[in-house]
Amino acid sequence: MLKAELHTHINEDPKDKKFVKYSGKELVDEAVKKKFDVLAITCHNLVYHSLELKQYAQDLGLLLIFGIEKDVEEKHVLMYNITQEEAERINNFHDLELFRRQKPELVTIAAHPVYWGPSCLKNNIIKHLPLFDAWEHSFFHTRLINPNKRLLILAKKYNKPVVGNSDVHVIHDLGRTYSLIDSDKNEQAVFSAIKEGKVQYVTNSLNHREFFHIAWKAVASTIRHQIKKRLRKM
């Protein structure tokens, strides 16, 4: 079983670089320290790519994957096996449906789908059920406050694989929630295993102080981006 984190951001993220303080190399080092086998960098609307960093990770025994957290009708979708040029062609669910037909090796995971923010997919995971290979169990929960419980009920009902991710923006969050994937250690094997449901999540609850601190930062970030969006339209 491979220990994997498939949803992280670094200080070159176009949206969150003001908040993310660590580099790709520092993230790789932290992943190796915490004994991860697989790590994906998924910046907002950017397929970050560095052959040098990939080789650095490989030399340390870590499989490094470059993906993207793409805005699709302003909802967050994790995508892998995709280039920047290809990602820019996907702006709505119809685009995503067409592209998945053209490129079946594309892997898509619904990011934090059952949460409250405007970027969360919510009922779109049911409305567009075939467009997602898996759904994400978020790290953002306490023992008492846990929207993921609803996700797990729906996943069982619709037979959808669930991966665990920590949506890493702060480096010490790496490892709060992660996936165990029954796969060989190469990209295509990992992706195939996810699609086949050969994955399980491991999660640890936040304490309430951590939960509300992260919630406040998320709200502040959402407000800031909404203001920027309105200013661009003026």
Report task. For segment 49-81, name all the residues that are under 21 Å from Ala111 (Cα atoms) and polar (S, T, N, Q). Result -> Asn81
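For every residue, the table says whether it meets (1) in contact with a Phe, Trp or Tyr (Cβ under 7 Å, 6 or more places away or on another chain); (2) of a type outside the set (Phe, Trp, Tyr); (3) closer than 21 Å to Ser183 by Cα; (4) outside any strand (DSSP E or B).
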{"residue": "Asp13", "(1), (2), (3), (4)": "no, yes, no, yes"}
{"residue": "Lys21", "(1), (2), (3), (4)": "no, yes, no, yes"}
{"residue": "Leu27", "(1), (2), (3), (4)": "no, yes, no, yes"}
{"residue": "Lys54", "(1), (2), (3), (4)": "no, yes, yes, yes"}
{"residue": "Gln58", "(1), (2), (3), (4)": "no, yes, yes, yes"}
{"residue": "Asp71", "(1), (2), (3), (4)": "no, yes, no, no"}
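Within segment 209-221, can one find any residue that is farther than 29 Å from Asp29 by Cβ and free of Cβ contacts under 8 Å to residues at least 60 places away in the same chain?
Pass one, segment 209-221, residues farther than 29 Å from Asp29 by Cβ: 212, 219.
This time we only want the ones that are free of Cβ contacts under 8 Å to residues at least 60 places away in the same chain, so: 212, 219.
Checked segment 209-221: at least one residue is farther than 29 Å from Asp29 by Cβ and free of Cβ contacts under 8 Å to residues at least 60 places away in the same chain.
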Report task. Would you mind stating whether Arg143 is among the basic types (Lys, Arg), out of contact with any strand residue (DSSP E or B) (no Cβ under 7 Å at 6 or more places or on another chain), touching a residue at least 24 places away in the same chain (Cβ under 8 Å) and in a loop (DSSP other than H, G, I, E, B)? Result -> yes
Query - In segment 97-125, residue farthest from Ile82 (Cα to Cα) [restricted to those that are out of contact with any helix residue (DSSP H, G or I) (no Cβ under 7 Å at 6 or more places or on another chain) and β-branched (Val, Ile, Thr)] - result: Ile125
Query - Count of residues meeting criterion [in contact with a strand residue (DSSP E or B) (Cβ under 9 Å, 6 or more places away or on another chain) and of a type in the set (Phe, Trp, Tyr)] in segment 180-216 - result: 2
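Could we say that Val72 is modelled with pLDDT of 95 or more, of a type outside the set (Asp, Glu) and within 26 Å of Met1 (Cβ to Cβ) here?
Working: modelled with pLDDT of 95 or more: yes; of a type outside the set (Asp, Glu): yes; within 26 Å of Met1 (Cβ to Cβ): no.
Judged against the criteria, Val72 is not a match.
Looking at segment 88-112 only, could you name the residues that are closer than 18 Å to Ala40 by Cα and either buried (at least 21 other Cβ atoms within 10 Å of the Cβ) or charged (D, E, K, R) (or both)?
Glu105, Val107, Thr108, Ile109, Ala110, Ala111, His112
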Requested in this report: Just give me the residues in segment 1-14 being of a type in the set (D, E, K, R) and surrounded by fewer than 17 Cβ atoms within 10 Å (Cβ to Cβ), in sequence order.
Outcome: Glu12
Query raised in the report: If Lys35 passes every condition in (1) outside any loop (DSSP other than H, G, I, E, B); (2) over 17 Å from the mean Cα position of the chain (by Cα) but one, which one does it miss?
Result: (1)
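The values are calculated or read from the model by the stated rules, or taken from the named source; none is laboratory data. Note that the structure is predicted; figures quoted are calculated from it, not measured. Using ideal geometry, Cβ is built from the backbone for each residue, glycine included, and neighbour counts are taken over all protein chains shown.
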